[in-house]
Amino acid sequence: MQWLNTPSERLDRLRGSHAVLVEFFDSARINSHRTLPYVKAWHTRYAEHGLRVIGVHCPGYSFGRDAEVAQRAVTALGIDYPVALDPQLELWRVYGNRGWPGRYLFDRTGTLRYIHYGEGDYLDAERAIGEVLGELETGFEAPEPLEPMRAEDAEGVLLEPQSADVSLPGERERLELVRDWTDGEDFIEAADAGAAATTTWHGGEAYAVLSGAVEPGLYESDGTIVADDPGLRLHGFQFTPAPPSRPC
């Protein structure tokens, strides 16, 4: 596999001296972005105590298969721990991974001790990290877990579901389109400048997934994008949950 931030990495060589947190993510998925501050903080907090964090970049969009695009995204996100590139989702299938992000914590013997898909469960994840590091380092005392970084991350809150992601070109019917758009592998492409696409949504924030005439990735949106130039590719829209209006 191709690696970023390290020449290579092998889990079998870490056994006995490290616990390993493997995080499957996509730089073009907003839920991966929202989870990342916790993963980076765990890396900073616990690396000296034996935690090895390894990211696995598994692209959900065609542009993410390009190693240079993935490299730029990882750099922009400030990720400095090792990242394996999995453009064909081969490692994803080996693990039987089920979504972005997917989190797997292995103890010093290589035994899987914790697993979680999607956002959330940060408190239990950090508690699990503390437990396996306590088995690795005599006298280790875990600090208090991180405080929630967003209101919707607090333990036990109830959230209204946001709109489902829009995936293109298969869900063109969910968009109001202005001017001509042509279908591609996993996008629709603006035929000329001024072409626009609008979706109706509810939730906290909306993000458009764009490539072609712009740097590939996520762009915050109000649910409408307008092509400044022909060749803009819209892969879809993603949405976040709205913060809770009151504690639950």
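For the reader, a short list of remarks on this structure follows.
- Subset of the range 78-98 that is in contact with a strand residue (DSSP E or B) (Cβ under 9 Å, 6 or more places away or on another chain) and free of Cβ contacts under 8 Å to residues at least 60 places away in the same chain - its residue that is farthest from residue 122 (Cα to Cα): 87
- Subset of the range 213-244 (residues that are among the aromatic types (Phe, Trp, Tyr) and either surrounded by fewer than 16 Cβ atoms within 10 Å (Cβ to Cβ) or more than 18 Å from residue 175 (Cα to Cα) (or both)): 219
- Of the criteria (1) outside any strand (DSSP E or B); (2) surrounded by 19 or more Cβ atoms within 10 Å (Cβ to Cβ); (3) in contact with a Leu (Cβ under 8 Å, 6 or more places away or on another chain), which one residue 186 fails: (2)
- Among the residues listed as 156, 194, the single one being surrounded by fewer than 18 Cβ atoms within 10 Å (Cβ to Cβ), touching a residue at least 24 places away in the same chain (Cβ under 8 Å) and touching a strand residue (DSSP E or B) at 6+ places or on another chain (Cβ under 9 Å): 194
- Residue match in the range 105-119 (condition: on the phi > 0 side of the Ramachandran plot and in contact with a Gly (Cβ under 7 Å, 6 or more places away or on another chain)): yes
Just so you know, all these numbers are worked out from the coordinates, no wet-lab data involved. Computed from a predicted model, the values in this text were never measured in an experiment. Every residue, glycine among them, receives a Cβ derived from its backbone with ideal geometry; neighbour counts consider all protein chains shown.
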